[in-house]
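Engineer: A single structure is presented below for examination.
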Amino acid sequence: MRGTTFAMLLLLCQGVAADGLQIVLPFNDVALIPGHVVRLKAETLRLDPKFDFNKVELDSVDIVAKSRLGQGRIALRVGNQYSPRKLVPGKKQEYDDPADPTFHTVNIRHYGASSAGLWQLLVVGYIKLRQVVLHLRPRADDAVLLDDSIFASAPGRNGNDARGMR
């Protein structure tokens, strides 16, 4: 069972941060309209239906997006806590351009005591969403599940690689 959990987490992880893990949710340049709600837990469960949100806390979210007129805003909702709306830059002439430089990364940090409840992005304006990166950390009582020994064979982790684990 532990090996299965390890394999699933590696599939979801683009990399392991010093304080936890990252889950990359691809959105493939989907166009969002004002009032749209992006359900982050539901999107994560689409990638891995067995992912256990009870074992992690949300630290922050990186949103790779652009707005049609440079005035779009996005906010993070975790449970009943809302972040301030963050500006999503963009230009009208670049809105339909799929080139990477036309997209911007917006970071929203979650400062709440708990990550229980909904994880949502709330959209104000016309925004194209390329991807969302969830930065997670293990809950204090579940630190054993995500400790360094499990991720030691992940590429780029403290100089250790799979050869060193055999």
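Please treat every number below as a calculation from the coordinates, not as lab data. Since we're looking at a predicted model, the values are computed, not measured. Cβ: placed from backbone, ideal geometry, glycine included. Neighbour counts: every protein chain shown.
Engineer: Could you sort out which of K55/K86; K41/K92; K66/K86 sit more than 22 Å apart by Cα distance in this structure?
Structural biologist: Violating the 22 Å Cα-Cα cut-off are K55/K86; K41/K92.
Engineer: Using a Förster distance of 22 angstrom, determine the FRET efficiency expected from the C-beta separation of A75 and V24, and round it to 0.05.
Structural biologist: Using R0 = 22 Å, I get an efficiency of 0.60.
Engineer: Please state, to two decimals, what the Cα-based radius of gyration of segment 2-140 comes to when divided by 2.2 N^0.38 Å (N = residues).
Structural biologist: Dividing the Cα radius of gyration by 2.2 N^0.38 Å gives 1.05.
Engineer: Related question: Residue farthest toward the positive end of the dipole of segment 2-140, with Cβ of Lys/Arg at +1 and Asp/Glu at -1: which of L47, P101, S67?
Structural biologist: Working it through, the farthest residue towards the positive pole turns out to be S67.
Engineer: At 0.36 nm per residue, minus the direct Cα-Cα distance, what do A116 and K50 gain on full extension? Give it in nm, one decimal, please.
Structural biologist: Gain in length upon complete extension: 22.1 nm.
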